[in-house]
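See below for the structure under consideration.
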Amino acid sequence: MELNNFSDFKNNIKNIKSLILVYGQEKTIINKTIELVYDLITQFKEINVLIMDGEKVSIESIINACETTPFMSDKRLIHIKNANYIFENNALSNELSKYLNNIPDTNILLLSSYSNVDKSGNLYKLFRTNGMVIEYKKLKGENLQEYIQNFLNKKNKIITKSNLLYLTSELALCNENIDLELKKLVDYLGDKKTVDKIDIDLILSKSIENNIFRLLDYIIIKELDDAVMVYNQMILQGEEELMILSMIFRNYKIMYLLKIYGENYNDVVKKYNIRDFALKNYIKWIKKYELSDLKKNIKRCYEYDLKIKQGELNASIAVENLIIELCA
């Protein structure tokens with residue numbers, strides 16, 4: 001059985017036999033899925049749940065774990081994290097697939113990975129045929145928007161379409177647990193029913209990538225005060241000045257390349273691993289610049305980076321001066 005969303009998994013959890021594989025990029029939902037599988041073990045969980053690391057296991061250790069009888073319980077769970085390492089090891093995955101045809105039905109083997117796994121081998125096919133495979137791709141676009149809307153609906157919170165789009169774009173760049181970020185937002189609102197943009201800005205954790213995009217937004221529209229405000233927020237959050245400079249530098253290089261390639265930008269997107277949301281920002285930004293302007297800004301970034309590394313300028317002063325020049 002192959003599934004690709006949490007609702008389908010919950011509807012089929014009673015059909016779980018002995019083999020479960022859960023993997024993908026969406027850590028939040030993978031962890032929720034793992035929790036529900038753990039809940040299948042209702043007695044002496046500290047004894048009947050064994051956690052192993054896929055990077056360190058051997059076929060012998062897995063077989064020994066799977067052959068162990070549950071202690072005063074109907075079921076025992078063996079959870080192997082980082083299972084992608086097992087799928088990458090052809091010898092191990094082939095031996096394991098042979099053994100798992102005879103795994104005791106009193107035991108559940110759960111493999112989990114926060115990255116993709118090899119679907120071409122016998123092990124994946126065995127889990128798909130004899131067990132349950134759940135793939136959670138990174139929530140984005142309309143799927144992420146729907147997820148956020150459903151979360152807020154359950155909490156009786158109201159959000160306008162424009163603020164929902166803004167919240168979606170913020171969480172698309174967020175490296176944190178999405179549910180945790182939404183819970184923080186709801187807790188902050190308290191009895192207040194409506195989610196406003198200022199609530200989102202005040203509560204959501206900002207990744208450095210997220211903040212760099214905010215900073216560049218203000219730089220490009222020449223809003224110096226707001227650009228400096230975002231920069232100061234980043235410093236208060238513990239970001240290093242040199243890291244901020246290197247991120248600004250990187251983004252201007254990407255803009256320059258996208259401007260050169262025009263609509264034929266696929267190679268740039270692949271090289272810099274540019275996500276859809278980021279690409280939309282870049283396309284919007286490069287319309288504001290001539291190619292010569294982008295070259296000048298890249299040169300400015302390079303010169304300030306060099307002055308900091310040669311000890312000619314204090315890093316904080318250098319980045320502030322750069323922001324001022326970019327906004328001029």
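The values are calculated or read from the model by the stated rules, or taken from the named source; none is laboratory data. Since the structure is predicted, the reported quantities are computational estimates derived from the model, not experimental observations. Methodologically, a virtual Cβ is constructed for each residue, glycine included, from the backbone with ideal geometry; neighbour enumeration extends over all protein chains shown.
Inclusion of residue 297 among residues that are within 17 Å of residue 221 (Cα to Cα), surrounded by 13 or more Cβ atoms within 10 Å (Cβ to Cβ) and at pLDDT below 90 is not warranted.
Of all the residues that make up the stretch 191-214, how many are part of a loop (DSSP other than H, G, I, E, B) and not charged (D, E, K, R)? Residues flagged as part of a loop (DSSP other than H, G, I, E, B) and not charged (D, E, K, R) within the stretch 191-214 amount to 3.
Restricting the stretch 215-244 to residues that are among the polar types (S, T, N, Q) and in a helix (DSSP H, G or I), the residue that is modelled with the lowest pLDDT is 233. Checking each residue of the stretch 301-323 against the condition of being assigned to a helix (DSSP H, G or I), basic (Lys, Arg), at pLDDT below 95 and under 24 Å from residue 226 (Cβ atoms) gives no match.
Counted as qualifying within the stretch 68-131 are the helices (runs of 4 or more DSSP H) with 2 or more residues that are over 13 Å from residue 54 (Cα atoms) and modelled with pLDDT of 90 or more, namely 90-99, 122-130.
Every test in (1) farther than 28 Å from residue 181 by Cα; (2) at pLDDT 90 or above; (3) in contact with a strand residue (DSSP E or B) (Cβ under 8 Å, 6 or more places away or on another chain); (4) surrounded by fewer than 17 Cβ atoms within 10 Å (Cβ to Cβ) is passed by residue 51 save one, and that test is (1).
Determine, yes or no, whether residue 41 is at pLDDT 90 or above, among the hydrophobic types (A, V, I, L, M, F, W, C) and buried (at least 17 other Cβ atoms within 10 Å of the Cβ). For residue 41, the condition - at pLDDT 90 or above, among the hydrophobic types (A, V, I, L, M, F, W, C) and buried (at least 17 other Cβ atoms within 10 Å of the Cβ) - is met.
In the stretch 150-179, the residue that is surrounded by the most Cβ atoms within 10 Å (Cβ to Cβ) out of those that are without any contact (Cβ under 8 Å) to a residue 40 or more places away in the chain and of a type in the set (A, V, I, L, M) is 167.
Look through the stretch 279-294, keep the residues that are crowded, with 19+ Cβ neighbours inside 10 Å and of a type in the set (A, V, I, L, M), and return whichever of them is farthest from the chain's Cα centre (by Cα). Checking each candidate, the answer is 294.
Results for (1) of a type in the set (A, V, I, L, M, F, W, C); (2) under 30 Å from residue 314 (Cα atoms); (3) assigned to a helix (DSSP H, G or I), shown as yes or no for each residue.
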position	(1), (2), (3)
246	no, yes, yes
250	no, yes, yes
267	no, no, yes
273	no, no, no
280	no, no, yes
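For the stretch 196-245, what are the residues that are of a type in the set (Ser, Thr, Tyr) and either exposed (fewer than 14 other Cβ atoms within 10 Å of the Cβ) or farther than 21 Å from residue 300 by Cβ (or both)? Within the stretch 196-245, 205, 207 qualify.
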